[in-house]
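The values are calculated or read from the model by the stated rules, or taken from the named source; none is laboratory data. This structure is a prediction, so every number in the text was calculated from the model and none was measured. We place every Cβ from the backbone using ideal geometry, glycine too, and count neighbours over all the protein chains shown. Just the protein is used for accessible areas: all its heavy atoms, side chains included, with ligands, DNA and RNA removed. Shrake-Rupley method; radii C 1.70, N 1.55, O 1.52, S 1.80 Å.
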Amino acid sequence: MELIPTQEEVVALLRKTGGLRDGHFEYPNGVHANEYIQVALTMRYYQVAKILSVALSRKLRAHSDIRVMIPELSVVAPATGGLPVAYGVCEALHAHQVYWGERDNASEPQHFRQFLDVKPGEKVLLVDDILRTGKKLGELKGLVEQQGGEVVALAVIVYQPYPGAVQFDPLPFYYLAKLEATYANDAASCDLCRRGVPLNKVRT
Ligand SMILES: [Zn+2]
């Protein structure tokens, strides 16, 4: 495998480690899909996590503007899915620090730990395991900017754009694999439901 695995190699790693499943799935919002990705299942295997983090860091390092920022770069992720990516990328890049946004419960906005202050003009790389709706990263970007930080790029392992996903143009955006699932808004419009394929309800 090359230092940056191809899309096919990343998909093979995801499948082999249980992070990518084919079937018939229903998300908590009622949307049906023909595949399910849970990158955390892949990231539990440290050696695989390392391959993916190193690959992402190489893509980032290839961007000359980002490369010069690395010594002062903060790698910031939504907890908890983004944490292994943040630490892996920070280690591979030799970036400055890692921190994360978290929420006390699902209805609260994300916040940083007490005494964690974003410095004015701080360069921030946002990372996560997957970008689907972009809501979590969009919220985190707002939180960083509200405290005076500057988001300079985004990077995720898997990009699986959901209809109407948040766009982060013109920021550089990196991913290792782009996956397009077939979505249906509900059971009534779902082809897999019509064909009687057994349904798995997924929690996230
Ligand atoms: Zn269905």
TODO: Assign one of three labels to region 70-170, namely rounded, prolate or oblate, based on the Cα gyration tensor with a ≥ b ≥ c the square roots of its eigenvalues; rounded applies when a/c is under 1.5, prolate when it is not and a/b is larger than b/c, and oblate otherwise.
DONE: rounded
- [ ] Treat every Asp and Glu Cβ in region 85-164 as -1 and every Lys and Arg Cβ as +1, leave all other atoms uncharged, and give the resulting dipole magnitude about the Cα centre to the nearest 20 debye.
- [x] 140 debye
Task: Rounded to the nearest 10 Å², the accessible area of L3 at probe 1.4 Å - done: 110 Å²
Task: Accessible heavy-atom area order of I37, I51, highest first, probe of 1.4 Å - done: I51, I37
Task: Pair Q146, Q7: separation of 7 Å Cα→Cβ label points (nm) - done: 3.6 nm
TODO: Work out the length of the dipole vector of region 1-59 about its Cα centre, built from +1 on the beta-carbon of each Lys and Arg and -1 on the beta-carbon of each Asp and Glu, and round it to the nearest 20 debye.
DONE: 300 debye
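Which helices pass in the chain if a helix is a full DSSP H run, must span at least 18 angstrom along its long axis by Cα, and must have mean Kyte-Doolittle hydropathy not below -1.0?
46-61
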- [ ] Leaving out ligands and nucleic acids, note down the accessible area per residue over the chain with a 1.4 angstrom probe, in whole Å².
- [x] 52 Å²
- [ ] Using a 1.4 Å probe and ignoring any ligands, DNA or RNA, find the accessible area of D104 and quote it in Å² to the nearest 10.
- [x] 120 Å²
Task: Gaussian network model of the chain, Cα within-10 Å springs - most flexible of L125, L179, L93 - done: L179
Task: No Cys partner within the rule (Cβ under 4.7 Å), the chain - done: C90
Task: Cα-based radius of gyration of the chain once divided by 2.2 N^0.38 Å, which approximates compact folds - done: 1.05
Task: Farthest toward positive dipole pole in the chain [+1 Lys/Arg, -1 Asp/Glu at C-beta], among Y45, V152, P78 - done: Y45
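Give me the percent of accessible area attributable to carbon and sulfur for the chain, probe 1.4 angstrom. Mind dumping the intermediate values first?
Numbers: 5530 of 10600 Å².
Carbon with sulfur: 52 percent of the solvent-accessible area.
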Task: the chain, helix-only ellipticity at 222 nm - DSSP H runs n ≥ 4, -39,500 (n - 2.57), divided by all residues, nearest 500 - done: -9000 deg cm²/dmol
- [ ] With 31 Å as the limit, write out which pairs from K136/K201; K59/K201; K16/K141 have Cα-Cα distances beyond it, or answer none.
- [x] K59/K201; K16/K141
TODO: Looking at the chain, send over the antiparallel percent of its DSSP beta bridges, to the nearest 5.
DONE: 25 percent
